[in-house]
Amino acid sequence: MWRGQAQFEETRQHLQKQPVVGQWKPLAPSNRGQELQQPEPSAKDSAGGDENQSVAQLNVSRLRSSSVEIREKGSEFLKEELHRAQKELKLKDEECERLSKVREQLEQELEELTASLFEEAHKMVREANTKQAASEKQLREARGKIDMLQAEVTALKTLVITSTPSSPNRELHPQLQSPSKAVFRKGHGRNKSTSSAGAATATSQGLPVEPVSSEFKEVDSILFAEFQAWKESPTLDKSSSFLERIYQEDVGPCLDFTKHELSELIQAAVEQNTLTIEPVATQALPVVKVSAIECGGPNGFRSQIVTKCALSGLSRACRHRIKLGDSGNYYYISPSCRARITAVCNFFTYIRYIQQGLVRQDVELMYWEIMRLRKEMSIAKLGFFPSEM
């Protein structure tokens with residue numbers, strides 16, 4: 001119950017408890033058939049009636065004024081309550097608006113967080129796929145290098161195999177060769193008289209005859225100085241005078257084939273160590289008829305397993321093919337082209353070993369090994385290659 005209504009009820013009960021002055025009482029009924037006789041009012045009664053009437057009017061006016069006052073107070077109270085309710089409603093609206101903004105902000109942050117999480121997850125997946133692809137690529141390259149190194153080791157073992165008493169290797173033991181073949185060995189023999197005399201003396205005394213070296217070596221001061229300067233800070237950059245000379249005199253001419261565009265790609269692959277050489281099964285090559293003169297035999301025609309060399313453009317017995325990097329294209333090459341590419345690869349492999357600090361030799365020995373590799377490139381450029389190629 002409101003406070004104004006409580007005051008109004010208290011005022012009404014108070015007014016009901018007050019006695020009413022001058023209230024008229026009804027007269028008792030007279031006998032049937034008789035007329036009511038009213039006494040004439042006296043002056044005293046008239047004066048008393050006026051007084052009672054004025055008191056009643058005063059009470060009525062008081063009652064009316066109390067009712068008006070109660071109404072005014074109730075109206076003020078209701079206005080105050082309405083104003084208070086409006087303020088509370090306004091505060092609640094502001095609170096609801098603030099909470100709505102907070103909810104929208106939280107929803108937006110949640111969406112941004114979800115988007116960032118998904119983006120991070122996709123990024124991690126992409127990085128994992130990239131690393132996996134790179135690892136697979138490195139694995140393939142490592143396997144290719146291992147196969148190539150195994151093939152090189154096998155070839156070296158075959159080349160330097162130790163002879164046995166049952167089947168001696170006459171190339172490694174010149175004393176087992178016939179005198180006619182021993183005289184006409186590769187190289188020039190100087191001071192033959194002295195050498196023959198020494199050999200005869202050794203034979204008469206029963207001493208083993210040692211092979212006479214028919215080749216003398218002399219260090220070129222310019223080349224050796226360039227190599228020493230390069231050895232101080234080994235690098236594969238062509239700007240050094242040492243490598244610049246070798247590129248101009250050996251590497252460039254050795255890799256200069258008829259197909260110039262493919263030659264440049266091969267040189268770049270050799271420099272980056274991404275060239276793969278592998279043997280080819282002869283059953284996979286086509287059988288064509290070529291001129292015997294073109295193949296280096298007698299006149300006429302004969303059937304031979306040949307294919308066109310990708311570097312020279314000539315029909316040759318291509319027993320090997322090359323691949324550049326991760327490309328799936330293979331190029332069939334002739335034995336001569338393979339010998340030239342292999343000579344260059346051997347040179348770059350050795351200087352890479354020097355750069356990585358894997359060669360523990362004297363500087364002069366390194367120099368002579370590089371000269372030997374340069375000699376192989378020069379010989380291969382002239383068209384000489386082992387028959388097993």
Listed residues 137, 90; which is on the phi < 0 side of the Ramachandran plot and modelled with pLDDT of 90 or more? 90
Note on the range 73-117: residues in contact (Cβ under 8 Å) with a residue 24 or more places away in the chain and either open to solvent by less than 90 Å² (accessible area, probe 1.4 Å) or in contact with a Cys (Cβ under 6 Å, 6 or more places away or on another chain) (or both) are 74, 77, 78, 81
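What number of residues within the range 349-389 are assigned to a helix (DSSP H, G or I) and closer than 23 Å to residue 217 by Cα?
Selection size over the range 349-389: 22.
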Does residue 387 qualify as being closer than 21 Å to residue 278 by Cα, open to solvent by 50 Å² or more (accessible area, probe 1.4 Å) and at pLDDT below 85? yes
Please identify the pairs in which a residue from the range 334-348 that is more than 13 Å from residue 256 (Cβ to Cβ) has its Cβ atom under 6 Å from the Cβ atom of a residue that is outside any helix (DSSP H, G or I) and open to solvent by less than 10 Å² (accessible area, probe 1.4 Å), counting only partners at least 6 apart or on another chain. 334/309; 334/318
Given the conditions (1) within 30 Å of residue 269 (Cβ to Cβ); (2) open to solvent by less than 100 Å² (accessible area, probe 1.4 Å); (3) in contact (Cβ under 8 Å) with a residue 12 or more places away in the chain; (4) not aliphatic (A, V, I, L, M), every one holds for residue 140 apart from (2)
The number of residues in the range 315-365 that are among the hydroxyl-bearing types (Ser, Thr, Tyr), open to solvent by less than 30 Å² (accessible area, probe 1.4 Å) and under 12 Å from residue 276 (Cβ atoms) is 0
How many residues, within the range 243-260, are within 18 Å of residue 376 (Cβ to Cβ) and not in a loop (DSSP other than H, G, I, E, B)? 11
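The values are calculated or read from the model by the stated rules, or taken from the named source; none is laboratory data. The model shown is predicted, which means the values in this text are computed figures rather than measured ones. Note: ideal-geometry Cβ built from the backbone for every residue, glycine included; neighbour counts use all protein chains shown. Just the protein is used for accessible areas: all its heavy atoms, side chains included, with ligands, DNA and RNA removed. Shrake-Rupley method; radii C 1.70, N 1.55, O 1.52, S 1.80 Å.
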